[in-house]
Amino acid sequence: LGQKIKIRPAREALILHRLVARHKGPFPKRELVRIWRELIVATLSFEGPFSVAVHMPEFGSGYWDLARDQYGSFTPMTGHASPRRVIEAVRSQEATVGIVPLPAQDETDPWWPYLATTSPDAPRVVARLPFAGPGNGRDADLNGLVICPLAAEPTGRDRSLIAIEAGDDIALASLGPALAEAGLPVTFTAQSDAEQAPGTRLYLAEVDDFAGEDDRRIIRYLDAAGSTVTRVVGLGSYAVPLTPEQLAPPPAKKKPVRKKAPRRKAARS
């Protein structure tokens with residue numbers, strides 16, 4: 001316990017965004033990103049132990065593939081049957097980072113409420129996978145989130161997750177507009193049916209921007225919500241992954257068209 005975490009997910013994302021933006025050659029950009037990911041993770045071995053806890057449902061190995069593509073072919077990884085067990089492994093520093101599914105609506109036991117704490121060892125969302133498009137794993141359409149007890153850092157192209165605890169039931173359909181009114185554009189909302197405390201409910205919102213807990217827009221939302229909302233907890237943020245357009249090969253250069261030289265008229269004898 002007490003190991004210092006060396007990774008900087010926001011800085012890594014910025015490096016890869018710049019790398020792809022300036023790359024002009026024919027070498028495929030996805031493979032270029034994969035090579036750099038291996039290099040980034042390899043340097044972590046100089047800093048100390050680094051390992052990954054991966055959610056492994058009973059059927060499918062998609063999250064394992066996501067973890068390997070992001071954190072290297074030789075990084076120690078362990079599989080866990082539930083996202084909650086992944087959270088516990090990261091919290092206790094059995095693993096440096098964890099891979100969990102994207103939140104979904106109507107989940108019977110969502111994992112994100114276990115992050116809704118101000119404890120200093122609480123994991124936070126730090127990245128979204130895949131970062132450079134789907135690989136050749138069997139579950140090519142699968143997406144996941146990376147969690148680690150790190151403070152969020154902005155990259156200029158971020159999405160944030162916030163948990164909202166309310167003393168009264170909030171209509172999920174009204175949550176997005178209320179946050180948008182405060183200046184927080186929302187891309188996804190969900191709720192947990194389990195009570196966090198007697199008479200309270202927890203709601204999740206994904207914001208299409210970087211939003212820390214001291215963000216003025218969150219304070220504005222709290223002021224507008226009044227006593228209905230008891231607290232807002234930031235669950236982390238991630239840099240938006242590279243798009244298919246960013247990963248597309250550069251346009252082929254057009255070959256210059258050579259003009260035919262005019263025919264010379266035969267000289268008269």
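The values are calculated or read from the model by the stated rules, or taken from the named source; none is laboratory data. As the structure is a computational prediction, the values presented were derived from the model and not from experiment. With ideal geometry, Cβ positions are generated from the backbone for all residues, glycine too; neighbour counts draw on all protein chains shown. Each accessible area value is taken on the protein alone, full model and side chains, heavy atoms only, with ligands, DNA and RNA left out. Shrake-Rupley method; radii C 1.70, N 1.55, O 1.52, S 1.80 Å.
Only one of 103, 130 is within 17 Å of residue 160 (Cβ to Cβ), within 16 Å of the chain's Cα centre (by Cα) and in contact (Cβ under 8 Å) with a residue 24 or more places away in the chain. Can you tell me which?
103
Taking the condition of being open to solvent by 30 Å² or more (accessible area, probe 1.4 Å) and either more than 14 Å from residue 7 (Cβ to Cβ) or among the aliphatic types (A, V, I, L, M) (or both), how many residues in region 33-60 meet it?
11
Among the helices (runs of 4 or more DSSP H) lying completely within region 22-124, list those that include at least 2 residues that are touching a Leu at 6+ places or on another chain (Cβ under 9 Å) and aliphatic (A, V, I, L, M).
29-47, 62-71
Please verify whether residue 164 is assigned to a helix (DSSP H, G or I) and either open to solvent by less than 50 Å² (accessible area, probe 1.4 Å) or at negative phi (or both), treating the condition exactly as stated.
When the stated conditions are applied, residue 164 does not pass them.
Hey, any hits in region 84-92 for a residue that's of a type in the set (A, V, I, L, M) and surrounded by fewer than 20 Cβ atoms within 10 Å (Cβ to Cβ)?
No, every residue in region 84-92 fails to be of a type in the set (A, V, I, L, M) and surrounded by fewer than 20 Cβ atoms within 10 Å (Cβ to Cβ).
Go through (1) touching a helix residue (DSSP H, G or I) at 6+ places or on another chain (Cβ under 8 Å); (2) under 26 Å from residue 56 (Cα atoms); (3) open to solvent by less than 40 Å² (accessible area, probe 1.4 Å) and name the single condition residue 145 misses.
Tallying (1) touching a helix residue (DSSP H, G or I) at 6+ places or on another chain (Cβ under 8 Å); (2) under 26 Å from residue 56 (Cα atoms); (3) open to solvent by less than 40 Å² (accessible area, probe 1.4 Å), residue 145 fails exactly one: (1).
Does region 167-202 hold any residues that are open to solvent by 40 Å² or more (accessible area, probe 1.4 Å) and within 21 Å of the chain's Cα centre (by Cα), and which are they?
Result: 185, 186, 187, 188, 191.
Here is a list: 197, 182. Which entry is among the small types (Gly, Ala, Ser) and modelled with pLDDT of 95 or more?
From the options 197, 182, the qualifying one is 182.
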